[in-house]
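Presented below is the structure to which this report refers.
The values are calculated or read from the model by the stated rules, or taken from the named source; none is laboratory data. Here the structure is a predicted model, which means the values were calculated and not measured. All Cβ positions, even for glycine, are placed from backbone atoms using ideal geometry, and neighbour counts span all protein chains on display.
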Amino acid sequence: MKKKEVLEYAPDEVRSKILSFLVAHRKKARGLDSLMASSSEIKKAMAVVGVRQNDVVQNLDYLVQHGWVDERVIKRPYKTPRGFEVPNEKHLFGLSEIGLKFVEGESEFDRTSAFSGINITNIGGVTVVGSNNVVRNEFIDVLRAFNQLEGAVKMSDKLSEEQKLDVQADVQTIKSQLSKAQPDKSIVQKAMESISFVGSLPGVVEVFNAAYHATQRIIGL
């Protein structure tokens, strides 16, 4: 029997693969109790694409520790034939609120307070998305692209915390232009140039390219 090839992946690539698996697992769930996956299910899925078990464990722990994945522990003790109770636990993992926003983008159903008291319905062509974004309807897909870029940057281990903060500031600058009927092209272009260095990072390049192409619609208006 041919042994499965074990490949060398960067940590961010493994984390992205785990998140992708949890997304697919969630989509296949037919009940609330099956939204989460066991560690053995995750390891099995990762083995198919050549990820080593120790890499799965380390990066799954990273995702849990940084809030991308929720962990639920189900205690299932059992009794031996002699009547002794043996502790037993099952660990389940699923996308957290942060993880969901990373893979799906923010939702118009997330209405946590930032714009409470402002009647956005009086402004034509504008939508409130999440708690901190007012966006023109035609730029909602651009907003989602930058939400995913934010998530990928925060998850990267190739950037310092200061670099992440700088990128976050520039992304917020771009997102603030999306509420305008005519975004300021020079502001958007300058902010994109400032964060262009993340476009070569493993685990970030794909979402950066999506965000870059989305801004071309604005700069070309």
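Does at least one position in segment 158-166 carry a residue that is without any contact (Cβ under 8 Å) to a residue 12 or more places away in the chain, assigned to a helix (DSSP H, G or I) and more than 22 Å from Tyr62 (Cα to Cα)?
The initial filter retains those residues of segment 158-166 that are without any contact (Cβ under 8 Å) to a residue 12 or more places away in the chain, namely 160-165.
This time we only want the ones that are assigned to a helix (DSSP H, G or I), so: 161-165.
Now restrict to residues that are more than 22 Å from Tyr62 (Cα to Cα): none.
Checking segment 158-166: not a single residue is without any contact (Cβ under 8 Å) to a residue 12 or more places away in the chain, assigned to a helix (DSSP H, G or I) and more than 22 Å from Tyr62 (Cα to Cα).
Sort out which residues of segment 55-85 are assigned to a loop (DSSP other than H, G, I, E, B) and among the basic types (Lys, Arg), and write them in order of number. So that I can check it myself, show each step before the final result.
Going through segment 55-85, the residues assigned to a loop (DSSP other than H, G, I, E, B) turn out to be 66-68, 76-77, 80-84.
Within segment 55-85, Arg76, Arg82 meet the criteria.
Do the conditions hold for Val14, that is, is it surrounded by 15 or more Cβ atoms within 10 Å (Cβ to Cβ) and either among the hydrophobic types (A, V, I, L, M, F, W, C) or modelled with pLDDT of 80 or more (or both)?
On the way: surrounded by 15 or more Cβ atoms within 10 Å (Cβ to Cβ): yes; either among the hydrophobic types (A, V, I, L, M, F, W, C) or modelled with pLDDT of 80 or more (or both): yes.
When the stated conditions are applied, Val14 passes them.
Regarding Glu71, is this residue acidic (Asp, Glu) and modelled with pLDDT under 90?
When the stated conditions are applied, Glu71 does not pass them.
If you scan segment 201-221, which residues turn out to be loosely packed, with under 14 Cβ neighbours inside 10 Å, touching a residue at least 12 places away in the same chain (Cβ under 8 Å) and not in a helix (DSSP H, G or I)?
Passing the criteria: only Leu221.
Please determine whether any residue of segment 74-94 is of a type in the set (Asp, Glu) and either within 28 Å of Gln148 (Cβ to Cβ) or assigned by TED's automatic domain parsing to the domain that holds Val207 (or both). Steps first, answer last, please.
We begin by selecting, within segment 74-94, every residue of a type in the set (Asp, Glu); these are 85, 89.
Checking the rest, the ones that are also either within 28 Å of Gln148 (Cβ to Cβ) or assigned by TED's automatic domain parsing to the domain that holds Val207 (or both) come to none.
No, there is no match, as no residue in segment 74-94 is of a type in the set (Asp, Glu) and either within 28 Å of Gln148 (Cβ to Cβ) or assigned by TED's automatic domain parsing to the domain that holds Val207 (or both).
In the set Gly50, Gly83, which member is at pLDDT below 90 and on the phi > 0 side of the Ramachandran plot? Don't jump to the end; show me each part of the working.
Values: Gly50 fails: at pLDDT below 90.
None of the other options fit; the residue is Gly83.
Given the criteria assigned to a helix (DSSP H, G or I), closer than 21 Å to Val103 by Cα and at pLDDT below 90, does Val198 qualify? Full working, then the answer.
Numbers: assigned to a helix (DSSP H, G or I): yes; closer than 21 Å to Val103 by Cα: yes; at pLDDT below 90: no.
No: the conditions fail for Val198.
Taking interchain pairs and intrachain pairs at least six residues apart, which have beta carbon atoms under 9 angstrom, with the first residue in segment 171-188 and at pLDDT below 90 and the second of a type in the set (Lys, Arg) and not in a helix (DSSP H, G or I)?
Filtered contacts from segment 171-188: Leu178/Arg136; Ser179/Arg136; Lys180/Arg136; Ala181/Arg136; Pro183/Arg136.
Could you pull out the residue among Gln189, Gln172, Gln182, Gln177 that is of a type in the set (S, T, N, Q) and within 18 Å of the chain's Cα centre (by Cα)?
Details: Gln189 fails: within 18 Å of the chain's Cα centre (by Cα); Gln182 fails: within 18 Å of the chain's Cα centre (by Cα); Gln177 fails: within 18 Å of the chain's Cα centre (by Cα).
Answer to the check: Gln172.
Specify the residue that is farthest from Glu8 (Cα to Cα); the eligible residues are those in segment 33-86 that are of a type in the set (Asp, Glu) and touching a residue at least 24 places away in the same chain (Cβ under 8 Å).
Quick first cut of segment 33-86, residues of a type in the set (Asp, Glu) only: 33, 41, 55, 61, 70-71, 85.
Checking which are touching a residue at least 24 places away in the same chain (Cβ under 8 Å) leaves us with 55, 70.
Values: Asp55: 10, Asp70: 26 Å.
Restricting to residues being of a type in the set (Asp, Glu) and touching a residue at least 24 places away in the same chain (Cβ under 8 Å), the top hit is Asp70.
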